[in-house]
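> Below: one structure in structure tokens.
The values are calculated or read from the model by the stated rules, or taken from the named source; none is laboratory data. Please read all numbers here as calculations on a predicted model, not as lab measurements. Here the Cβ positions follow ideal geometry from the backbone for every residue, glycine too, while neighbour counts run over all protein chains shown. Each accessible area value is taken on the protein alone, full model and side chains, heavy atoms only, with ligands, DNA and RNA left out. Shrake-Rupley method; radii C 1.70, N 1.55, O 1.52, S 1.80 Å.
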Amino acid sequence: MKTITLFVGLMLVSVATFAQTTWTVDNRPGTTAQFSSVQAAHDAAQAGDFIYIHPSPNNYGGLTIRKKIHVRGIGHGPELANGEHAILSAISLSKNATEATNASGSSISGLEISTISDGNEFAFTNILIQNNLITGYFSFYQAYNYIIQGNVFTTSYGNSINFNGTAHANDSFSHNIFNAVAKTTPTAAIFNGLLASDTVSNNLIIMNFNGATNTFFNNCNNPTVNNNMLVLGTTAV
């Protein structure tokens, strides 16, 4: 009997340790979600919690992630909700010095987002970014073991994926669709600054030229690139 009691006690401790809370956000009038602000939901959440953002015609603005959090939307091509997304203008990966937490281990899925970036303040690890509609670009400084998969990029910025410097490693890009319309920037590339430990596989990459210096890869150092479809085109912006 003592053994059984101890076993049950350990099970209860384990469940408590891995308990996660789900928070809901909706900025439409008259809804019953817990928050109308994504940032407020993040600030109220504990590390490991999930935040579900309802589709809305109203932009949710920006989000700064300072703890391990899982942010979810309805998807990058929703068939329901009149085709509306959960739209964020920007997501910033950051850290919280007072609570000694940071964005490492977070996941971002099912949203429409303009930009995702970090502020070169921490070596973030194990970030999952999947199944989002990206209308701008990613800009990272210290990115380690990122998985970026299943996203749709529709952008007219210089670089869709931009690494600033060489303080990153083991980042993976797979099963994404890049549909880039390049404006007249000095160098417009899909990927900028990849290293030998990075992997680009099973992506559809479309570069629509517009008179600038355009390329699929710029300033890259022997990343592993395999099984991608590369398409060149011309278009007006």
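> Tell me yes or no: at least one residue of the range 98-113 is open to solvent by 40 Å² or more (accessible area, probe 1.4 Å) and touching an Asp or Glu at 6+ places or on another chain (Cβ under 8 Å).
no
> Filter the range 31-65 down to the residues that are within 14 Å of residue 96 (Cα to Cα) and among the hydroxyl-bearing types (Ser, Thr, Tyr) and list them by number.
Selection gives 64 alone.
> Only one residue in 197, 174 is touching a Pro at 6+ places or on another chain (Cβ under 9 Å), closer than 26 Å to residue 106 by Cβ and at pLDDT 95 or above. Which one?
Of the residues listed, the single one that is touching a Pro at 6+ places or on another chain (Cβ under 9 Å), closer than 26 Å to residue 106 by Cβ and at pLDDT 95 or above is 197.
> In this structure, does residue 172 turn out to be buried (at least 19 other Cβ atoms within 10 Å of the Cβ) and of a type in the set (Ser, Thr, Tyr)?
No; evaluated as a whole, the condition is false for this residue.
> Based on what the data block shows, is residue 58 more than 14 Å from the chain's Cα centre (by Cα), at pLDDT below 95, open to solvent by 50 Å² or more (accessible area, probe 1.4 Å) and on the phi > 0 side of the Ramachandran plot? Working first, answer last.
On the way: more than 14 Å from the chain's Cα centre (by Cα): yes; at pLDDT below 95: yes; open to solvent by 50 Å² or more (accessible area, probe 1.4 Å): yes; on the phi > 0 side of the Ramachandran plot: no.
No; evaluated as a whole, the condition is false for this residue.
> Can you tell me which residue is least open to solvent (accessible area, probe 1.4 Å) among those in the range 137-153 that are assigned to a strand (DSSP E or B), over 13 Å from residue 193 (Cβ atoms) and touching a Ser or Thr at 6+ places or on another chain (Cβ under 6 Å)?
To start, the set of residues in the range 137-153 that are assigned to a strand (DSSP E or B) comprises 137-140, 143-144, 147-149, 152-153.
So of that shortlist, the ones also over 13 Å from residue 193 (Cβ atoms) come out as 144, 147-149, 152-153.
Retained after the next criterion (residues that are touching a Ser or Thr at 6+ places or on another chain (Cβ under 6 Å)): 144, 147, 149, 153.
Numbers: 144: 67, 147: 74, 149: 61, 153: 0 Å².
In this case the residue turns out to be 153.
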